[in-house]
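For reference, the structure discussed in these notes is given below.
The values are calculated or read from the model by the stated rules, or taken from the named source; none is laboratory data. Remember, it's a predicted structure, so these values are computed and weren't measured experimentally. Counting neighbours? That spans all protein chains shown, and the Cβs are built from the backbone with ideal geometry, glycine included. What goes into the accessible areas is simple: the full protein's heavy atoms, side chains included, and nothing from ligands, DNA or RNA. Shrake-Rupley method; radii C 1.70, N 1.55, O 1.52, S 1.80 Å.
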Amino acid sequence: MNVLGICSGRINGNTEIMMKEAFRAIEETCGAECKLVRIQEAEIKKCIGCETCMTNHLKGNFEFRCVHKNGSDHYYFIEQLMREADAIIVSSPAYNLMPTGPMISFLNKLHASGDYREVVHANNKVGAAFSIGGTDWTNFTLNVCKMTAMELCGSYEALADAVHFDFIPAVGAVVPEEDVLERMHLLGEHVAKALMAKQNGEKPVYAGAPGVCPDCHGNLLEVRSDGVYCPQCLTKAKVSIVDNELIAEFTEEERAKNRWSPWGQELHDNNIRKGHAKAAGNREFIAEERKKYAAMEYAVKLPDLI
């Protein structure tokens, strides 16, 4: 068995130390081989939004990857490690309430991974996520790390554990935090046990703290004009207040329309097809209007770098 840890923190910083503590538990519990990818030192060419990969994949052409060819950055090397892994752990420190920029760029690049999503949707990997912040300005960090882990592993049902810690700001400051390292050791044990359960044909059980949403275990809600939703799963909730406590209930009917479900994935793909079809029907008009806007010189010229 192989476990891949994707870390977006400093080299030998807090998240890397925490990842290695989880690795230690995994090796002790099930003997899996563990590998670490440092996203911060990887060269990942940014997604430029050309949608060439998306349009090819919607046509079933998974041989096409990206306009940035294989070998032009480290993405496809890392993707191959992901394909070989039985479990993937995603981690990041919090920067401005969010995971680091390199982690977001890495997630954006997933569209260019050929049939990877189809493979992991059909055969989920075991996943886990953790994050850490120097203050409590961390609200979206773990949720995005969990979403990334779900994307890499094929399902929220594949998550074995997820945990976040606040108020650990300095590099290496996690070392004297015994409770944090103990919890990371436990995360590793949960990943190892999920791997062993999967080998035995059993469904892994999520062992992290339960969130508001029963699917992604997230603790966020989004208020829309037609109701309240989990912003990650887009599952509609029935919300009430009982004894000053907010209660969010998700019915099985609404959960079946989770954006990660087959129903939700098909809706997503069909909406993309509709958008491209509308644009294709207006191709000449769009081309002429783009020329007009391209002639408007507002962009600042960036200076040459030393």
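Observations, loosely collected:
- Considering the conditions (1) part of a helix (DSSP H, G or I); (2) under 30 Å from Arg183 (Cα atoms), Ile89 is excluded by exactly one of them, (1).
- When the range 6-27 is limited to residues that are closer than 23 Å to Ile44 by Cα and of a type in the set (Gly, Ala, Ser), the one that is surrounded by the fewest Cβ atoms within 10 Å (Cβ to Cβ) turns out to be Gly13.
- Condition check for Glu63: touching a Gly at 6+ places or on another chain (Cβ under 8 Å) and either open to solvent by less than 30 Å² (accessible area, probe 1.4 Å) or touching a residue at least 60 places away in the same chain (Cβ under 8 Å) (or both): no
- Single condition Trp260 does not satisfy, out of (1) assigned to a loop (DSSP other than H, G, I, E, B); (2) of a type in the set (Phe, Trp, Tyr); (3) open to solvent by 70 Å² or more (accessible area, probe 1.4 Å): (3)
- Scanning the range 120-153 for residues that are surrounded by fewer than 24 Cβ atoms within 10 Å (Cβ to Cβ) and either part of a helix (DSSP H, G or I) or within 10 Å of the chain's Cα centre (by Cα) (or both) yields a total of 6.
- Scope the range 244-285; condition at pLDDT 90 or above and among the small types (Gly, Ala, Ser); matching residues: Ala248, Ala256, Gly264, Gly275, Ala277, Ala279, Ala280, Gly281
- Pick from the range 219-252, criterion part of a loop (DSSP other than H, G, I, E, B) and of a type in the set (Ser, Thr, Tyr), ranking: least open to solvent (accessible area, probe 1.4 Å): Thr235
- Failed item in (1) of a type outside the set (Gly, Ala, Ser); (2) surrounded by fewer than 23 Cβ atoms within 10 Å (Cβ to Cβ); (3) assigned to a loop (DSSP other than H, G, I, E, B); (4) in contact (Cβ under 8 Å) with a residue 60 or more places away in the chain, with Cys216 passing the rest: (2)
- Every residue from the range 77-123 that is within 27 Å of Glu27 (Cα to Cα) and without any contact (Cβ under 8 Å) to a residue 24 or more places away in the chain: Phe77, Gln80
- The single condition from (1) open to solvent by less than 90 Å² (accessible area, probe 1.4 Å); (2) within 24 Å of Ala122 (Cβ to Cβ); (3) outside any loop (DSSP other than H, G, I, E, B) that Tyr206 fails is (3).
- Candidates Glu79, Glu33, Glu84 - the one that is acidic (Asp, Glu) and either open to solvent by less than 50 Å² (accessible area, probe 1.4 Å) or modelled with pLDDT under 95 (or both): Glu79
- Members of the range 158-168 that are touching a Phe, Trp or Tyr at 6+ places or on another chain (Cβ under 8 Å) and either assigned to a helix (DSSP H, G or I) or touching a residue at least 40 places away in the same chain (Cβ under 8 Å) (or both): Leu159, Ala160, Asp161, Ala162, Val163
- Of everything in the range 283-300 that is within 34 Å of the chain's Cα centre (by Cα) and assigned to a loop (DSSP other than H, G, I, E, B), the residue that is farthest from Asn56 (Cα to Cα) is Val300.
- Test: residue in the range 36-58 that is over 30 Å from Ala173 (Cβ atoms), open to solvent by 20 Å² or more (accessible area, probe 1.4 Å), of a type in the set (Val, Ile, Thr) and in contact (Cβ under 8 Å) with a residue 24 or more places away in the chain: yes
- Whenever a residue of the range 198-211 is closer than 21 Å to Met1 by Cβ, its partners that are at pLDDT below 90 and open to solvent by less than 100 Å² (accessible area, probe 1.4 Å), lying with C-beta atoms within less than 8 angstrom and at least six residues away or across chains, give the pairs Lys198/Pro204.
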